[in-house]
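Q: Just dropping this structure here.
The values are calculated or read from the model by the stated rules, or taken from the named source; none is laboratory data. Not measured: the values here are computed from a predicted model. Here Cβ is always computed from backbone atoms with ideal geometry, including for glycine, and neighbour counts include all displayed protein chains. For accessibility, only protein heavy atoms count, side chains too; no ligands or nucleic acids. Shrake-Rupley method; radii C 1.70, N 1.55, O 1.52, S 1.80 Å.
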Amino acid sequence: MKLGLFVRYYILMAVANGWQHAPRPLGRRHTPLQAAFHAEGDLSGAFQLSGVWKLERQSDDTAEQVPIQPTNPSWSGDRWSDVVRELARKQRQQELLQLDAAGGWRSPPGSPIELRGKWSMDGNAEVTLARFGRHGNHVTETWTGQYDSSANRVEGVVLEGASEPEYAGRFSLTPAFPSLQPVVKNNILRKNETQWRVSDVAGEYTLEFQGDGSISAYDIRLLPNRTWTSVGLSATLAGSWNVFDNDVNLASGIDGTGPRLWLWLRRFGQTSSSGVHLSQDRLYLGRITGAAGDASSIRRVKGQVAVGWSTEPAFIGSFRLVPRHQ
């Protein structure tokens, strides 16, 4: 079947099965997009990747797989099946993924394995795909790779687990239809974002966390010396914090400025938690949003929570930081 016929057949079948692919407007597809910062999706980093991609995953135990022996094609009842090709595809674990512009991704209907999750990219073209479990939005795997614009390809590693991730293999992503979905480089405008100072952010907040089957909320106090502590709890949760623009520097001894905040929940150190068991430190990374009509007042901080960031990072949930006077 010729490529053009195959593409038309693929799109028709996808629509018939309820796969809603929302392509970008053609008039904007070949020009850089001037956009503000977004946490996920096309406007989260250096490039727009929404479209259909071929995922090829190589597990860690590939060397132990049984070699494929040549066989003859077989009749499955309605079509001829090349057994060799099918076994090779399964060993390489090739699938199609649909990345949408808003930051979600999933496999098309009718796929042998149903995959779904969220994706994002940073300003250095590092791509992160979090794979959700069968039910809910708890993260079971994290795929982190680098997008190579010259090769139009993403390559990286697969980590299993959210709280204590383990290396599980490598993966690659290549466009399924490169001529129909050219990747566009973003020119992300950050100069219009409010540059918050430590003195602007210090104060009383409620920290809300939603993770793998758990929801919590407690009051905290962000102190002007860039330390923080919980308020009104029998145990003490504490750590350090700062605001930043592009780079997170946990060892910095000076006040930062920028549109984002990091908050470090620490187990050890001069300012750390006590009276509670924590298996890992947590790092909260979020974007600061100002109140409508009041550029000097904070409405909320919203973002993701990471563990293991110094070795093998994984995101375990999301958070909101809301001023207590609201």
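Q: Against the definition (within 20 Å of the chain's Cα centre (by Cα), of a type outside the set (A, V, I, L, M), closer than 25 Å to Ser214 by Cβ and open to solvent by 10 Å² or more (accessible area, probe 1.4 Å)), how does Arg287 come out, yes or no?
A: yes
Q: Another question, if that's okay. Which one of these does Gly145 not meet: (1) in contact (Cβ under 8 Å) with a residue 24 or more places away in the chain; (2) open to solvent by less than 70 Å² (accessible area, probe 1.4 Å); (3) among the small types (Gly, Ala, Ser); (4) farther than 24 Å from Arg260 by Cβ?
A: Going through the list (1) in contact (Cβ under 8 Å) with a residue 24 or more places away in the chain; (2) open to solvent by less than 70 Å² (accessible area, probe 1.4 Å); (3) among the small types (Gly, Ala, Ser); (4) farther than 24 Å from Arg260 by Cβ, Gly145 breaks only (4).
Q: Also: Can you name every one of the strands (runs of 3 or more DSSP E) wholly within the range 22-123 that holds 3 or more residues which are modelled with pLDDT of 80 or more, in contact with a Cys (Cβ under 6 Å, 6 or more places away or on another chain) and more than 22 Å from Phe315 (Cα to Cα)?
A: none
Q: Please go through the range 266-277 and give me each residue that is open to solvent by 40 Å² or more (accessible area, probe 1.4 Å) and either modelled with pLDDT of 90 or more or of a type outside the set (Val, Ile, Thr) (or both), ordered by number.
A: Hits for the range 266-277 are Arg266, Arg267, Phe268, Gly269, Gln270, Ser274, Gly275, His277.
Q: Shifting gears a bit: In the range 249-265, what residues are open to solvent by 60 Å² or more (accessible area, probe 1.4 Å) and outside any loop (DSSP other than H, G, I, E, B)?
A: Thr257, the sole residue that qualifies.
Q: Sticking with this structure for a sec: Check Asp100 against each of (1) open to solvent by 60 Å² or more (accessible area, probe 1.4 Å); (2) within 15 Å of the chain's Cα centre (by Cα); (3) within 23 Å of Ser59 (Cβ to Cβ) and name the one condition it does not meet.
A: Only one criterion in (1) open to solvent by 60 Å² or more (accessible area, probe 1.4 Å); (2) within 15 Å of the chain's Cα centre (by Cα); (3) within 23 Å of Ser59 (Cβ to Cβ) is unmet by Asp100, namely (3).
Q: I've got another one for you. Is it the case that the range 200-221 has a residue that's open to solvent by less than 20 Å² (accessible area, probe 1.4 Å) and not in a strand (DSSP E or B)?
A: The answer is yes; a qualifying residue exists.
Q: Checking Gln181 against (1) among the polar types (S, T, N, Q); (2) in contact with a Ser or Thr (Cβ under 9 Å, 6 or more places away or on another chain); (3) modelled with pLDDT of 90 or more, which test does it fail?
A: For Gln181, the failing item is (3).
Listed here are the residues, each with its yes/no results for (1) touching a residue at least 60 places away in the same chain (Cβ under 8 Å); (2) under 29 Å from Gly133 (Cβ atoms); (3) touching a helix residue (DSSP H, G or I) at 6+ places or on another chain (Cβ under 9 Å).
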{"position": "Val157", "(1), (2), (3)": "no, yes, no"}
{"position": "Glu160", "(1), (2), (3)": "no, yes, no"}
{"position": "Phe171", "(1), (2), (3)": "yes, yes, no"}
{"position": "Asp200", "(1), (2), (3)": "yes, no, no"}
{"position": "Phe209", "(1), (2), (3)": "yes, yes, no"}
{"position": "Asp212", "(1), (2), (3)": "yes, yes, no"}
{"position": "Leu223", "(1), (2), (3)": "no, no, no"}
